[in-house]
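The values are calculated or read from the model by the stated rules, or taken from the named source; none is laboratory data. Nothing here was measured: the structure is a model prediction, and the numbers come from that model. FYI the Cβ positions are ideal-geometry reconstructions off the backbone, even for glycines, and counts take in every protein chain you see.
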């Protein structure tokens, strides 16, 4: 299991590694301290919402980031996860946490045929198929009122007893979401460095080429798609347990899927922490705009403007853009090496022409 | 005229149409295993479609493809690759936003599911990749992103990437296209050396100097099917070939 890391100049590499560790520790400390820092219950609930967005966006990024298949319909899996969890509790009297896990597994099983059908098409066609699924589910869950509660919605029993008060609920769910997010990030990181991940990234870069090199592209796509659907469903189920109420119009909404995409693109889909950063920015901005403009649609206009700015000025997302900025101020060792490499090529080319 | 010792890549009655255009039309070809084969023909004669049918990128309408006696018709490209046939693409395709080294590591697979999660940077794989990069002469660029390479360097990278899968037969679609003379020499020498090590080549090419100097066996395509084949000298003297190229 020896692995060789990139031999960039030693000093720079240690500095980067130290910065990463410090950053990670700071992030964990911030998350751990957030509930006690939050001035009131409302801010705490905003924290839970943002954590939930981060879970969903990071789950989405298993497909979007690795394979480059942009699913606008991931709300299908979060919605199904939420409903599966709720219905298992209500109709089958399953323990809430077991229901959450079972819900994830059911959605993962459903994602297999859905993936087989939808991953055959690429690019814009895949986007359309993913949207179609959400719209179908919206209609089904609205119409099948006797089972799903229909447009009246579904009240989800709280997993913690009634004696646990609101702020306490928020705090527990904040930590639960944070723990789930930690698991997701660990999985994404593990895939990112693996052979599987390398094959997936090859698919993102050039699927035909990857296949011609022997990468079993369809199997790879399907596996990561099912993993993504599973985590998205767990995220949706967790949200349902916290929020306590499900309505098809919000669960199976194109908007929810679009937020996952927007957040991931904003932070950077090639970066481990990209979707998390995007979720914090978009989630905070949304609550801010809602607070400013009340219950109007103005926050959507602001979101649209944000997306346009990102696409225009940071097409790769914030984290890669920041990375480039930092690289510019780093010790120049790296760029000198590139220079010598170029010179080397020229030298070789000249030698060959002479010889 | 020719004796095929080992059965290599063969097609029988291969056909593929796009609408009313018969791109490949009843093509029956047996390439010489262990040799450098060239596939030539005027533009639009169906060489690339033939290539794509053989490598599984396109499913043929009719006919069959066999490799070493085994029927591989209509198999998905990754399984054809696994059968030992590697290919390059016309106009060169690499993974632009991966480093040169990662371009080679991307094709390393694990047969078992747990193996999928092993680090992609196994020492053995990296050493093999570096050897191949050194062989094609771009080892000093291993940390550069592929998109930052010159076109010629990308061509070498693509070749190294194909070699990483350790194919028995290597199909190159226009290896000389857009390449300067020095680099062309390097590519030709690589093909010769690899052939001497036992690799079979199938090269689609328009550069006649390269074809004539490099290949042992030439197949000439016109209107989707072979019209002549033989040694470079035989083909050069064939009136049907001249007619196909100069037009009627």
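Only one of the listed residues (B:37, B:52) is out of contact with any helix residue (DSSP H, G or I) (no Cβ under 6 Å at 6 or more places or on another chain), within 14 Å of another protein chain (Cβ to nearest Cβ) and either without any contact (Cβ under 8 Å) to a residue 40 or more places away in the chain or crowded, with 18+ Cβ neighbours inside 10 Å (or both). That residue is B:52. You will find that of A:236, A:197, the residue that is more than 10 Å from chain B (Cβ to nearest Cβ), touching a residue at least 24 places away in the same chain (Cβ under 8 Å) and crowded, with 20+ Cβ neighbours inside 10 Å is A:236 and no other.
If the condition is being over 21 Å from residue A:65 (Cβ atoms) and in contact (Cβ under 8 Å) with a residue 12 or more places away in the chain, then segment A:301-324 contributes only A:302.
For segment A:272-280, does any single residue satisfy the condition of being closer than 30 Å to residue B:164 by Cβ and either within 14 Å of chain B (Cβ to nearest Cβ) or surrounded by fewer than 24 Cβ atoms within 10 Å (Cβ to Cβ) (or both)? Quick ask: steps written out before the conclusion?
Applying the first criterion (closer than 30 Å to residue B:164 by Cβ) to segment A:272-280 yields A:272, A:274.
Now restrict to residues that are either within 14 Å of chain B (Cβ to nearest Cβ) or surrounded by fewer than 24 Cβ atoms within 10 Å (Cβ to Cβ) (or both): A:272.
Yes - at least one qualifying residue is present in segment A:272-280.
Among the residues in segment A:254-266, are any surrounded by 20 or more Cβ atoms within 10 Å (Cβ to Cβ) and either in contact with a strand residue (DSSP E or B) (Cβ under 7 Å, 6 or more places away or on another chain) or not in a helix (DSSP H, G or I) (or both)? Within segment A:254-266, none of the residues are surrounded by 20 or more Cβ atoms within 10 Å (Cβ to Cβ) and either in contact with a strand residue (DSSP E or B) (Cβ under 7 Å, 6 or more places away or on another chain) or not in a helix (DSSP H, G or I) (or both).
Rundown of residues vs (1) at positive phi; (2) free of Cβ contacts under 8 Å to residues at least 60 places away in the same chain, yes/no style:
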residue	(1), (2)
A:74	no, no
A:77	no, no
A:82	no, no
A:90	no, no
A:93	yes, yes
A:96	no, no
A:102	no, yes
A:111	no, no
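Take the conditions (1) within 16 Å of the chain's Cα centre (by Cα); (2) closer than 24 Å to residue B:155 by Cβ; residue B:65 misses just one of them, which is (2). Given (1) touching a helix residue (DSSP H, G or I) at 6+ places or on another chain (Cβ under 6 Å); (2) within 14 Å of another protein chain (Cβ to nearest Cβ), identify the lone condition not met by residue B:60. Answer for residue B:60: the failing condition is (2).
Quick check on segment A:3-13. Is at least one of its residues within 14 Å of chain B (Cβ to nearest Cβ) and either at pLDDT 95 or above or assigned to a helix (DSSP H, G or I) (or both)? Within segment A:3-13 (the criterion being within 14 Å of chain B (Cβ to nearest Cβ) and either at pLDDT 95 or above or assigned to a helix (DSSP H, G or I) (or both)), the answer is yes, since at least one residue qualifies.
Residues checked against (1) farther than 28 Å from residue A:93 by Cα; (2) more than 7 Å from chain B (Cβ to nearest Cβ):
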{"position": "A:179", "(1), (2)": "no, yes"}
{"position": "A:189", "(1), (2)": "yes, yes"}
{"position": "A:201", "(1), (2)": "yes, no"}
{"position": "A:207", "(1), (2)": "yes, yes"}
{"position": "A:213", "(1), (2)": "yes, no"}
{"position": "A:216", "(1), (2)": "yes, no"}
{"position": "A:224", "(1), (2)": "yes, yes"}
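Every condition in (1) modelled with pLDDT under 90; (2) touching a strand residue (DSSP E or B) at 6+ places or on another chain (Cβ under 8 Å) is met by residue B:35 except one, and the failing one is (1).
Working only within segment B:218-235, note down all residues that are outside any strand (DSSP E or B) and surrounded by fewer than 20 Cβ atoms within 10 Å (Cβ to Cβ). Within segment B:218-235, B:223, B:231, B:232, B:233, B:234 meet the criteria.
Which of the residues that make up segment A:146-167 are in a helix (DSSP H, G or I) and surrounded by 12 or more Cβ atoms within 10 Å (Cβ to Cβ)?
Going through segment A:146-167, the residues in a helix (DSSP H, G or I) turn out to be A:146-148, A:150-152, A:166-167.
Residues satisfying the conditions are A:147, A:148, A:150, A:151, A:167.
Taking residue B:79 as the residue in question, decide whether it is within 11 Å of another protein chain (Cβ to nearest Cβ) and more than 16 Å from residue B:201 (Cα to Cα). Please lay out each step first, then the result.
Details: within 11 Å of another protein chain (Cβ to nearest Cβ): yes; more than 16 Å from residue B:201 (Cα to Cα): yes.
Here the answer is yes, as residue B:79 does meet what is asked.
Those helices (runs of 4 or more DSSP H) of segment B:131-217 in which 2 or more residues are within 13 Å of chain A (Cβ to nearest Cβ) and touching a helix residue (DSSP H, G or I) at 6+ places or on another chain (Cβ under 7 Å) occupy B:151-164, B:181-196. Among the residues of segment A:267-276, those identified as under 11 Å from residue A:320 (Cβ atoms) and either at pLDDT 95 or above or assigned to a helix (DSSP H, G or I) (or both) are A:267, A:274. Could you tell me whether any residue of segment A:239-250 is assigned to a helix (DSSP H, G or I), modelled with pLDDT of 90 or more and farther than 20 Å from residue A:142 by Cβ? Yes, the conditions are met somewhere in segment A:239-250.
Would you confirm whether or not segment B:107-121 contains a residue that is surrounded by fewer than 15 Cβ atoms within 10 Å (Cβ to Cβ), farther than 19 Å from residue B:27 by Cβ, within 7 Å of chain A (Cβ to nearest Cβ) and in contact (Cβ under 8 Å) with a residue 40 or more places away in the chain? Among the residues of segment B:107-121, not one is surrounded by fewer than 15 Cβ atoms within 10 Å (Cβ to Cβ), farther than 19 Å from residue B:27 by Cβ, within 7 Å of chain A (Cβ to nearest Cβ) and in contact (Cβ under 8 Å) with a residue 40 or more places away in the chain, which makes the answer no.
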